[in-house]
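Chemist: Structure in structure tokens, see below.
The values are calculated or read from the model by the stated rules, or taken from the named source; none is laboratory data. Keep in mind that what you see is a predicted model, and the values were worked out from it rather than measured. Don't worry about glycine lacking a Cβ; one is built from the backbone with ideal geometry, like all the others, and counts go over all protein chains shown. Calculation scope for accessible area: heavy atoms of the full protein, side chains included, ligands and nucleic acids excluded. Shrake-Rupley method; radii C 1.70, N 1.55, O 1.52, S 1.80 Å.
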Amino acid sequence: MHELSIATGIIDAVVAEADARGFAAVSAVHVRLGAWAGVDPEALAFSFRIATQGTMLEGAELVVNDVAASFICDGCGREHRPGNEAPVCPQCGAPTHLLHGRELELTSFEAIEQVLA
Amino acid sequence: MNEPRLVEVRRNILKENDHLARELRQRFRAAGVRVISFVSSPGSGKTTLLERLLTIFQHSHRVAALVGDLATENDAHRLSRSGALVKQITTGTVCHLDAGMVERALQDWQWQELELLFIENVGNLVCPSSFDLGEDLRVVLTSVTEGEDKPLKYPTIFNTSDVAVISKIDLALAVEADISNLRSNILRVRPGMKIFELSAKTGTGMEELSRFLAPSAHAEARAV
């Protein structure tokens with residue numbers, strides 16, 4: 001299940017940033033996930049919960065912002081969002097290519113600073 | 001009690017496999033090895049096709065193959081009959097090959113000396129679409145016996161492949177398959193996709209495909 005390796009990738013990226021800035025714990029992580037990224041949001045959330053145990057992200061909430069797939073027509077330039085059907089331009093019938101939808105981005109995280117004694 | 005602070009990052013998370021696949025792709029290209037992978041559901045004819053292709057290319061090129069299955073070395077044995085170097089990757093429970101498996105399988109080969117490397121993926125129309133292997137070209141097979149609407153049901157594997165092969169065309173009449181309908185379904189899912197129709201068994205269509213796959217041919221159909 002590759003969602004686990006993605007969760008680990010997210011956690012490693014957050015830990016690197018949080019450590020560098022002296023944070024003690026992370027309470028939330030925000031990601032943008034494209035509908036065509038090939039990642040199941042529930043499987044990702046599940047993997048995240050498991051993989052954060054014992055780390056500074058333990059208990060952190062994973063907030064997933066879905067990015068709908070949208071295609072742009074190679075012919076007329078019109079952007080459209082398909083359902084599950086083939087991505088051909090509804091306006092002129094020409095082939096289209098993916099504009100948005102494969103994103104997998106760590107956008108931001110919320111963390112608590114070290115309390116200095 | 002400290003209030004949480006929001007930290008902007010905006011960093012792309014690439015799956016670990018994508019990192020490795022990109023690295024592998026660079027290494028393959030630097031060494032001049034053309035890598036072609038094959039995906040399809042189980043029983044579409046990948047191994048038979050590969051056996052024919054290896055036999056054809058053996059005479060003129062330094063060619064080898066990697067083949068993935070959950071269990072058995074059967075496919076490697078079959079492919080070795082061509083005389084080419086073949087290695088089996090048994091994945092155990094994993095339903096697809098990934099870049100790590102390919103890299104490890106190549107470790108004890110002088111693969112840099114190859115001109116052509118074929119990779120036969122585990123028979124599966126779903127999972128392999130998420131795993132880049134570092135290949136130059138990905139070929140998806142669908143046979144005339146599987147149903148003309150399969151491309152519509154499994155769009156992702158067609159969208160993430162470069163070229164399609166309609167296999168077992170010698171059986172089309174027997175199963176009353178409408179090949180032109182299958183072709184148009186493939187093109188609905190991936191407009192402009194290059195499609196080859198063949199029978200590895202009878203040899204029909206094999207020459208066109210081998211000319212296209214040969215290292216000297218242009219890779220026009222490369223996916224963006």
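Chemist: Provide the convex hull volume over Cα atoms per residue for chain A, in Å³.
Modeler: In chain A, the Cα hull volume divided by residue count equals 106 Å³.
Chemist: Please list A:49-61, B:184-196, B:128-140, B:61-73 highest first by mean number of surrounding beta-carbon atoms within 10 Å per residue.
Modeler: The most tightly packed comes first, giving B:128-140, B:61-73, B:184-196, A:49-61.
Chemist: Quote the relative contact order of chain B in percent (integer), defining contacts as alpha-carbon pairs under 8 Å separated by 6+ residues.
Modeler: On the way: 416 pairs, mean separation 50.1, N = 224.
Reported as a whole number, the value is 22 percent.
Chemist: Hey, could you grab the Kirkwood Rh for the range B:87-193? Inverse mean 1/r over distinct alpha carbon pairs, Å, one decimal. Kindly include the intermediate steps, with their values, before the conclusion.
Modeler: Working: mean 1/r = 0.0650 Å⁻¹.
Computed over the range B:87-193, the radius equals 15.4 Å.
Chemist: Would you mind working out the accessible area per residue for chain B, using a 1.4 Å probe, and quoting it in Å²? Let's see the in-between values first.
Modeler: Values: 10480 Å² over 224 residues.
Here the residues of chain B average 47 Å² of exposed surface.
Chemist: Within a 10 angstrom radius of each residue's Cβ in B:76-84, how many Cβ atoms of other chains show up on average? Whole number is fine. Let's see the in-between values first.
Modeler: On the way: counts 0, 0, 0, 0, 0, 0, 0, 0, 0.
Counting other chains' Cβ atoms within 10 Å and averaging over B:76-84 gives 0.
Chemist: Please list, short to long, the whole-number percent of alpha-carbon pairs of chain B in consecutive 10 angstrom bins beginning at zero.
Modeler: 8, 33, 36, 15, 4, 3, 1, 0
Chemist: Kindly provide the GluC sites (Glu not before Pro) of the range B:143-220 that DSSP labels as loop, not H, G, I, E or B, and whose Cβ sees at most 10 other Cβ atoms within 10 Å.
Modeler: B:GLU176, B:GLU220
Chemist: A further question on this structure: With everything on Cα atoms, drop me the angle between helix B:179-189 and the longest principal axis of chain B, reported from 0 to 90° to the nearest 10.
Modeler: So the inclination is approximately 10 degrees.
Chemist: Tell me whether the protein assembly as shown comes out rounded, prolate or oblate; compute the Cα gyration tensor, take square roots of the eigenvalues as a ≥ b ≥ c, and use a/c under 1.5 as the rounded threshold.
Modeler: Working: a/c = 2.42, a/b = 1.62, b/c = 1.49.
It is prolate, given that a/c is not under 1.5 and a/b is the larger ratio.
Chemist: Hey, what do the phi angles of the range B:40-57 turn into as Karplus ³J(HN,Hα) couplings, whole Hz, using 6.51/-1.76/1.60 and θ = phi - 60°, x for Gly and Pro?
Modeler: 4, 6, x, x, 7, x, 4, 5, 4, 4, 5, 4, 5, 5, 5, 4, 5, 7
Chemist: Let me ask something else. Averaged over peptide B:13-19, how many Cβ atoms belonging to another chain are found within 10 Å of each residue's Cβ? Intermediate values should be presented prior to the final figure.
Modeler: Values: counts 17, 3, 9, 6, 3, 2, 1.
Other-chain Cβ atoms within 10 Å of each residue's Cβ, averaged: 6.
Chemist: Using only Cα atoms, tell me the angle between helix A:41-52 and the longest principal axis of chain A; keep it within 0 to 90° and round to the nearest 10.
Modeler: Relative to chain A, helix A:41-52 is tipped by roughly 20 degrees.
Chemist: Cα convex hull of the range B:93-152: mean projected area in nm², to one decimal?
Modeler: On the way: hull surface 22.1 nm².
Here the figure is 5.5 nm², rounded to one decimal.
Chemist: Moving on. How are the C-alpha pair distances of the range B:143-224 spread across 10 Å bins, as whole percents from the shortest bin up?
Modeler: All Cα pairs considered, the percentages come to 18, 48, 31, 3.
Chemist: Oh, and also: Grab the beta carbon distance between B:ALA214 and A:ALA24, set R0 = 45 Å, and tell me the FRET efficiency rounded to 0.05. Provide the component values of the computation, followed by the final result.
Modeler: Numbers: r = 60 Å, r/R0 = 1.33.
With a Förster radius of 45 Å, E is 0.15.
Chemist: Still on this structure, I have one more. Just how far, in whole angstrom, is the range B:162-187 from the range A:18-37 if you go by their alpha carbon centroids?
Modeler: 47
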